[in-house]
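A.B. asks: Pasting a structure here, questions to come.
The values are calculated or read from the model by the stated rules, or taken from the named source; none is laboratory data. Small disclaimer: the values here were computed from a predicted structure and weren't measured. All Cβ positions, even for glycine, are placed from backbone atoms using ideal geometry, and neighbour counts span all protein chains on display.
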Amino acid sequence: MPALFRGLGNTIGFSLAGIALGFALGAVVAAAAMAANPWPRLFAAVYVSFFRGVPLLVQVLIAFYAVPFIGIDVPPAGAAIGALGCCCAAYAAEILRGGLSLVPHGAVEAARLLGLNARQTFLRIRLPIAIAAMRPALVSEAIMIVKASSLISLVGILELTRSAQAIAANTFQPLPAYALCGMFYLVLNIVLSVLGGLARRRA
């Protein structure tokens, strides 16, 4: 159990870092996708197509093994968080883009009449409304990232799944190790779902 709890702590930490990076970057990509200039829209389209089309496993390996070839030394933790965040951003951007399209035009016009510029209008008016409208989808994406975080074990991160693998190899009892591992993931994702529901009711 102590080894599994250490792995659970790493899973929570890396997942939260990847989700935070993904949602922040996703907001930028969503804004680019809805920009008037075609170049930001092209960047957003290419970004979303790449990170949604390439498996996260490959993205983790690229971040860890390929990026150093261009002179950037990436530690395992940086590669893991970067891959999780960039992948999360592609899905979060599409979710937020759908939410941004639901923002009433009158709210944007009111913000302009109050003297807010485009950046302030996006951050204070459009983005909060989009997040509130798409909160269930964003919670689902966060849950997917928590489950997908098991792939970062390939770059040497001792997260929950890798801890269970080590226990199974040392004890020759894989069923209890993986059953506990699955239960920990289940409890963690139930907690995320409950927190998302509480946030939705308080909004």
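A.B. asks: Please list, ordered by first then second residue, the pairs with beta carbon atoms under 9 Å, 6 or more apart or interchain, first in the stretch 1-28 and free of Cβ contacts under 8 Å to residues at least 60 places away in the same chain and closer than 21 Å to L160 by Cα, second assigned to a helix (DSSP H, G or I) and polar (S, T, N, Q).
C.D. replies: Close Cβ pairs (under 9 Å, with a partner that is assigned to a helix (DSSP H, G or I) and polar (S, T, N, Q)) amount to F5/S163.
A.B. asks: Right, another one. Would you check if L123 is assigned to a helix (DSSP H, G or I) and in contact (Cβ under 8 Å) with a residue 60 or more places away in the chain? Break it down into steps so the answer makes sense when it comes.
C.D. replies: Values: assigned to a helix (DSSP H, G or I): yes; in contact (Cβ under 8 Å) with a residue 60 or more places away in the chain: no.
Spelling it out, it is not the case that L123 is assigned to a helix (DSSP H, G or I) and in contact (Cβ under 8 Å) with a residue 60 or more places away in the chain.
To keep it simple, each residue is scored yes or no on (1) under 15 Å from the mean Cα position of the chain (by Cα); (2) at pLDDT 90 or above.
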| site | (1), (2) |
| --- | --- |
| P55 | yes, yes |
| V58 | no, yes |
| F69 | no, no |
| L84 | yes, yes |
| A89 | yes, yes |
| E94 | yes, yes |
| G99 | no, no |
| V103 | no, no |
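A.B. asks: Just for the stretch 118-141: of the residues that are aliphatic (A, V, I, L, M) and touching a Leu at 6+ places or on another chain (Cβ under 6 Å), which one is surrounded by the most Cβ atoms within 10 Å (Cβ to Cβ)?
C.D. replies: Filtering the stretch 118-141 down to residues aliphatic (A, V, I, L, M) leaves 118, 123, 125, 127, 129-134, 137-139.
Add one more test, that the residue is touching a Leu at 6+ places or on another chain (Cβ under 6 Å), and what stays is 130, 133.
On the way: A130: 23, A133: 19.
Among those residues, the one meeting the criterion is A130.
A.B. asks: Moving to a separate point now. Filter the stretch 150-173 down to the residues that are exposed (fewer than 14 other Cβ atoms within 10 Å of the Cβ) and assigned to a helix (DSSP H, G or I) and list them by number. Step through it out loud before you land on a result.
C.D. replies: First, the residues of the stretch 150-173 that are exposed (fewer than 14 other Cβ atoms within 10 Å of the Cβ): 156, 169-173.
Matches in the stretch 150-173: A169, N170, T171.
A.B. asks: Being under 27 Å from R52 (Cβ atoms) and touching a Pro at 6+ places or on another chain (Cβ under 8 Å), is that true of even one residue in the stretch 164-174? Explain how you work it out, then say what you get.
C.D. replies: Step one: filter the stretch 164-174 for residues under 27 Å from R52 (Cβ atoms), giving none.
Within the stretch 164-174, none of the residues are under 27 Å from R52 (Cβ atoms) and touching a Pro at 6+ places or on another chain (Cβ under 8 Å).
A.B. asks: Sticking with this structure for a sec: So P40 passes all but one of these: (1) under 18 Å from R162 (Cα atoms); (2) over 21 Å from the mean Cα position of the chain (by Cα). Which condition number does it fail?
C.D. replies: Going through the list (1) under 18 Å from R162 (Cα atoms); (2) over 21 Å from the mean Cα position of the chain (by Cα), P40 breaks only (1).
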